[in-house]
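The values are calculated or read from the model by the stated rules, or taken from the named source; none is laboratory data. Keep in mind it's a predicted model, so treat the numbers as computed, not measured. Cβ coordinates were reconstructed from backbone atoms using ideal geometry, including for glycine residues, and neighbour counts include every protein chain displayed. Heavy atoms of the whole protein, side chains included, go into the accessibility calculation; ligands, DNA and RNA do not. Shrake-Rupley method; radii C 1.70, N 1.55, O 1.52, S 1.80 Å.
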Amino acid sequence: MVKYLAPSFTGGSRFTWGLSFRWDYRVQKMKHTTIDSLRKFEGKEVTLAGWLYQSRASGKIQFLIVRDGTGLCQCVVEQGKVPDELFDQLKHLGQESSLTVTGTIRADQRSVGGCELVLSDAQIICPAEGYPITRKPHGVDFLLKNRHLHLRSQRQWCIGKIRHTVVDAIRRFFNDNGFTLIDTPIFTTIIGEDQQTLFEVDYFGRPLHLTQTGQLYLESAAMSFGKVYCFGPTFRAEKSKTRRHLTEFWMVEPEVAFIDLDGLLELAENLVAFIAAAVLQQNRSQFETLSADIAALERIKPPFYRLTYTQAVEILTGPKTRDFLAQQLKDLQNQKQQLENKIAALEEEQKGQIKQWKRDKNAAELIELNSELDEVHTRIENNPKHAQLASEFQWGKDLGGSDETIISQMHDKPIFVTQYPTQAKAFYMKTDRGNEKVVLNFDLLAPAGFGEIIGGSVREDDYDRLVARIKAQGLNVETYNWYLDLRKYGSVPHGGFGLGVERTIAWLTGEKHIRQCIAFPRMMDKIYI
Ligand code: 4AD
């Protein structure tokens, strides 16, 4: 049994040259306190520098919510305690104006972050007027066109902070477990995955592709370093507009010499459990803001479920799936009824005399509920189609999106599906020598319907068999000469996998669409900014 180190988490940056220290960054010698450290300053005066996130006035008192990149702080402004001119200026200050605020910190459990600032002074750095993203409802297209501003929203901020931890945890996991980072090229000469999803580029008159995977290059590096990984952007000209596909996404790929399928599964489950533990420890408050399922995150611990492809097919075509989908349909119909009732009640309330803030809040809620209802409608429509696809599934086909979703919905922890049919998989996957009809590969499906987050395999290490597989898939053997060399000079059993960062974040945060899990998403039909 391989033992993977579980390095301890230390907040902040760690630089170690024999020493360990934390660099405290101060902008141009302005000594600002950050919101994430306010609890230490109870009873003391501090200055914060940030942006006005929201404000509301109630007679002689104003509440300003200021954000500074580390959190939100409610600032209380009382008339008579600050000059009248400042009180008036703050009252009319637009959302997202930049400013500094000075005041005393006092504990208040009702306040965001558990304390608030009683304002004594403020300086407006750049007033903003007519900020386009307000508390009123906005559509997805509008928000994506304004992504450069929407990144300031609480939701995007929380996801950004979680992404940061995920990326940091991935690097730490590999660095602390003896892997060497290899930066593989973006311009590639060979096809790593699928001919249909290549982005071709004109490289000084010669056609090259943007990388679909660093795997083939990593295999070469693994023969030098033993355990390697690459981590970077990956490009696929996916002609699918699903919530799981981007044309540019980030993938981390480890590759290990002298490893078998069991070893790969163990590596993958330890990596995923390590990422989950890191985000739980460092991003709990962000998960709470996102209303994510924290109990589900706490369950992400090895061992994960293990099914062979053949077992998965038996489940899909058997009575368990039929009963599961029938129950799901009933639950969806109930959910639809409840949503329709809630929508009708809110629409009724909107017709009456209510305060503007309540009207805006209801309108935002209506948008959410209607989009949930749309989704439930789609799922009700799809349920019988997916049931039919599952019941008629033929051994030999790759699992489709709906098949993966069904298997994933039936489990509460990640599931490995292993040993897919050779005919359905990439040329580089090693066949099971005891049963050549299947390859020694796996997909890791995230539970609760999220689907595949990892794909990997043991690699074909026999020269002749690999040549035959390359030819069988209609690929040009000449271009793979250097790759084939690895099977000539000291070939060893080896393997690896790729974990999609955005899909992992969507699963952990409960985000429906992976476009929200990268700052500037690229999709087949849409690139906004
Ligand atoms: O299963 P895939 O295609 O595997 C490979 O690329 C292997 N060469 C990796 C390896 O063995 N080194 O992709 C791996 C993962 C998927 O499980 C998914 O999480 C992510 O990459 N992925 C995508 N994420 C977003 N948008 C897309 N279009 C994606 N395609 C794959």
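Taking only protein heavy atoms and a 1.4 Å probe, the accessible area of the stretch 311-394 is 50% carbon and sulfur.
Going by a ≥ b ≥ c, the root eigenvalues of the Cα gyration tensor, does the stretch 33-77 fall in the rounded group (a/c under 1.5), the prolate group (a/b larger than b/c) or the oblate group? Verdict is oblate for the stretch 33-77. Kirkwood radius and radius of gyration were both taken over the C-alpha atoms of the stretch 407-457, and their ratio Rg/Rh is 1.05. Cross-link candidates for LYS397: which aspartates and glutamates have Cα within less than 19 Å, leaving aside residues fewer than 8 places away along the same chain? Cα-Cα hits under 19 Å: GLU193, ASP194, GLU314, ASP432, GLU436, ASP443, GLU452. Along each principal axis, taking the top coordinate minus the bottom one, the Cα set of the stretch 311-394 gives 58, 17, 16 Å in descending order. Here the relative contact order of the chain, from alpha carbon pairs under 8 Å that lie six or more residues apart, stands at 14 percent. Loop-located chymotrypsin sites (Phe, Trp or Tyr not before Pro) in the stretch 182-235 (DSSP state not H, G, I, E or B) with no more than 14 neighbouring Cβ atoms inside 10 Å: PHE199, PHE204. Calculate how steeply helix 319-351 sits against the longest principal axis of the alpha-carbon atoms of the chain, using the helix alpha-carbon long axis, and give the answer as 0 to 90 degrees to the nearest 10. Roughly 20 degrees between the two axes. With the cut-off at 1.5 for a/c, could you classify the stretch 477-529 from its C-alpha gyration tensor as rounded, prolate or oblate? Judged from the Cα gyration tensor, the stretch 477-529 comes out oblate (a/c at least 1.5, b/c at or above a/b). The separation of the stretch 496-510 from the stretch 162-213, counted between C-alpha centres, amounts to 16 Å.
Size check on the stretch 218-370: the Cα extents along the three principal axes, sorted descending, read 73, 42, 36 Å. Quick one: Debye curve from the C-alpha atoms of the stretch 23-126, no solvent, what's log10 I(q)/I(0) at q = 0.12, 0.18, 0.19 Å⁻¹? Normalising to I(0) and taking log10 leaves -0.35, -0.80, -0.89. Rounded to the nearest 10 degrees, the angle from helix 463-472 to the longest Cα principal axis of the chain is 70 degrees.
Extents of the stretch 320-477, taken as max minus min of Cα coordinates on every principal axis and listed largest first, are 79, 33, 28 Å. Applying a DSSP loop filter and a limit of 16 other Cβ atoms within 10 Å to the chymotrypsin sites (Phe, Trp or Tyr not before Pro) in the stretch 482-519 leaves TYR489. When only Cα pairs below 8 angstrom with a gap of at least 6 residues are kept, the stretch 196-255 shows a relative contact order of 35 percent.
Just check the chain against the gyration tensor rule for me: Cα atoms, a ≥ b ≥ c as the square roots of the eigenvalues, rounded for a/c under 1.5, and otherwise prolate or oblate depending on whether a/b exceeds b/c. In terms of gyration-tensor shape, prolate. For the chain, find the longest principal axis of its Cα atoms and tell me its angle to the long axis of helix 154-175, 0 to 90°, nearest 10. Taking Cα atoms only, the helix is inclined about 40 degrees. Note on the chain: helix-only mean residue ellipticity at 222 nm, from DSSP H runs of 4+ residues weighted -39500 (n - 2.57) and normalised by residue number, equals -11500 deg cm²/dmol. On a per residue basis, the convex hull of the C-alpha atoms belonging to the stretch 97-224 measures out at 255 Å³.
Pairs from the list LYS301/LYS361; LYS136/LYS239; LYS330/LYS512; LYS136/LYS342; LYS385/LYS425 with a Cα-Cα gap above 29 Å: LYS301/LYS361; LYS136/LYS239.
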